[in-house]
Amino acid sequence: MSRIFNFCAGPAMLPLPVLKKARDELLDYRGLGMSVMEISHRSSAFDELADTTEACLRRLLSIPDDYAVLFLAGGATAQFAQVPLNLAGPDRPGAYIVDGSWSKKAFAIAKRLGLAHLAASSEGSGFKSIPAQHEWDLEGDKAYLHYVSNETISGVQFRQPPESSLPLVSDMSSDILSRPVDVEKFGVIYAGAQKNVGQAGIALVIVRKDLLQDLAPVVPDLQSWKIQYQQGSRLNTPPTYAWYIAGLVFEWVEATGGVQRMAELNQHKAETLYQFLDQSSFYQNAIPPQFRSHMNIPFQIVDESLHPRFIAEAEAAGLSSLKGHRSVGGMRASIYNAMPIEGIEALISFMKEFESEAG
Ligand SMILES: Cc1ncc(COP(=O)(O)O)c(C=O)c1O
């Protein structure tokens with residue numbers, strides 16, 4: 001068996017022990033003679049899976065009892081609509097910080113629903129920074145303050161959650177479980193699964209229970225966090241296998257030492273790569289250090305004509321999916337929890353070799 005290093009932004013690489021356990025349990029899940037894919041989401045076996053998965057996540061993030069944990073279909077994009085539908089009203093929009101493509105999308109969807117207010121944007125400077133907090137426009141009655149804690153495409157990350165008297169709503173799709181987070185500072189945390197949680201198709205929503213409310217009858221029940229909470233996230237058939245994989249990933253994070261340990265490992269990986277980029281006159285990263293992501297590291301070669309060759313040769317060397325997002329170009333190394341330091345070392349040694357041959 002040969003495994004490569006997958007630098008894809010998502011779906012991203014999964015920890016090997018998770019894949020092995022899923023493989024071992026594929027044909028016969030815990031003596032049931034079936035796979036998880038084949039058991040009812042209303043069975044006692046799935047109830048137990050749901051309970052242990054939620055309990056593990058609660059331990060990892062120290063989620064207090066007054067927060068509900070939901071596992072919902074539709075990925076993070078579904079939450080771009082569910083957040084305003086569940087929290088805002090026409091006279092009480094959500095306020096949005098737009099500092100990258102994903103926050104721009106979240107804002108656009110909420111705006112189409114007539115439920116959004118633009119508090120600040122760094123689009124004018126090419127999404128290379130986070131607008132300074134004293135410039136945010138939060139005048140008037142706002143239901144919440146929405147921000148994306150890590151912008152996956154441009155590689156910009158909030159070091160700390162912003163301070164606000166409004167309920168904070170954060171899309172943590174690309175950095176959840178990569179570092180400790182003080183859940184009590186948030187009204188809502190949500191995240192798609194296919195980076196640090198597991199398999200695409202499911203999103204985590206951690207919501208303070210007092211924010212769960214009845215929605216206008218025109219809003220389908222499936223969109224209602226309150227109804228989903230009452231139904232154990234199983235109003236209809238959920239993506240059961242993705243839910244199961246999330247549970248295996250949570251167990252792996254816990255066995256590896258928890259989110260504090262993840263943060264140490266992630267910081268070391270990111271700093272190793274940034275240090276290499278910063279000392280180089282051949283490669284570069286355009287994000288100012290204070291905004292740099294520990295999860296997604298875009299980089300370019302000064303001679304941009306070399307990008308296609310770099311990407312093709314890297315792929316051939318077992319360093320997969322380094323092509324940058326089409327809106328940014330160049331390369332991007334996505335180095336979520338499951339990427340070991342050996343992957344960074346292999347990438348840097350390839351980059352050195354490429355420079356000596358092409359430079
Ligand atoms: C920060 C962020 N938010 C939202 C999304 C959209 O997630 P999904 O494809 O699960 O809807 C992504 C996907 O890459 C993302 O990186």
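Some points to look at:
- Length gained when the stretch THR77-ILE341 is fully extended (0.36 nm per residue, less Cα-Cα span): 92.0 nm
- Heavy atoms of the protein chains alone define the surface here; on that basis the chain has 43 Å² accessible area per residue at 1.4 Å probe size.
- Percent of alpha-carbon pairs separated by more than 16 Å within the range 290-359: 47
- Among CYS56, CYS8, the order of accessible area from largest down is CYS8, CYS56, computed with a 1.4 Å probe on protein heavy atoms.
- When you work out D = kT/(6 pi eta Rh) for the range 131-248 at 10 °C and 1.306 mPa s, using the Kirkwood radius from C-alpha pairs as Rh and the Stokes-Einstein form, the result is 100 µm²/s.
- Kirkwood Rh, angstrom, the chain [1 / mean 1/r, Cα pairs]: 21.2
- Sum of side-chain charges, LYS128 neighbourhood, beta-carbon under 11 Å (Lys, Arg +1; Asp, Glu -1): -2
- Relative intensity, log₁₀ I(q)/I(0), of the range 221-261 from a Debye sum that treats every alpha carbon as a point, q = 0.25, 0.26 Å⁻¹: -0.79, -0.81
- Dipole magnitude for the range 257-315: about 220 debye, using +1 per Lys or Arg Cβ and -1 per Asp or Glu Cβ, origin at the Cα centre.
- Along the range 185-196 the Karplus relation, 6.51 cos²θ - 1.76 cosθ + 1.60 evaluated at θ = phi - 60°, assigns HN-Hα couplings of 6, 10, x, 9, 10, 9, 7, x, 8, 7, 10, 10 Hz to successive residues, with x for each Gly and Pro.
- Cα centroid separation - the range 268-339 against the range 52-71, whole Å: 34
- Accessible surface of THR52, taken over heavy atoms with a 1.4 Å probe and every protein chain present, rounds to 80 Å².
- Selected from GLN194, GLN79, GLN231 as most flexible by GNM, with the chain as the system and alpha-carbon contacts under 10 Å: GLN231
- Taking the protein heavy atoms of the chain in the context of the full set of protein chains, the accessible area attributed to carbon and sulfur is 52 percent at 1.4 Å.
- Cα-centred dipole magnitude for the range 1-104, charges only on beta-carbon of K, R (+1) and D, E (-1), debye, nearest 20: 400
- Three-way shape label, the range 58-202, alpha-carbon gyration tensor, a/c 1.5: rounded
- Taking the Cα centre of the range 273-359 as origin and assigning +1 to Lys and Arg Cβ atoms and -1 to Asp and Glu Cβ atoms, the resulting dipole is close to 380 debye.
- Most positive-pole-ward Cα, GLY89, ILE63, GLY155, against dipole of the chain from beta carbon charges: GLY89
- Placing unit charges on the Cβ atoms of the charged side chains and taking the dipole of the range 276-359 about its Cα centre, the candidate lying farthest along the positive direction among PRO288, PHE354, PRO340 is PRO288.
The values are calculated or read from the model by the stated rules, or taken from the named source; none is laboratory data. Everything quoted here is computed from the prediction, not taken from an experiment. Here Cβ is always computed from backbone atoms with ideal geometry, including for glycine, and neighbour counts include all displayed protein chains. Just the protein is used for accessible areas: all its heavy atoms, side chains included, with ligands, DNA and RNA removed. Shrake-Rupley method; radii C 1.70, N 1.55, O 1.52, S 1.80 Å.
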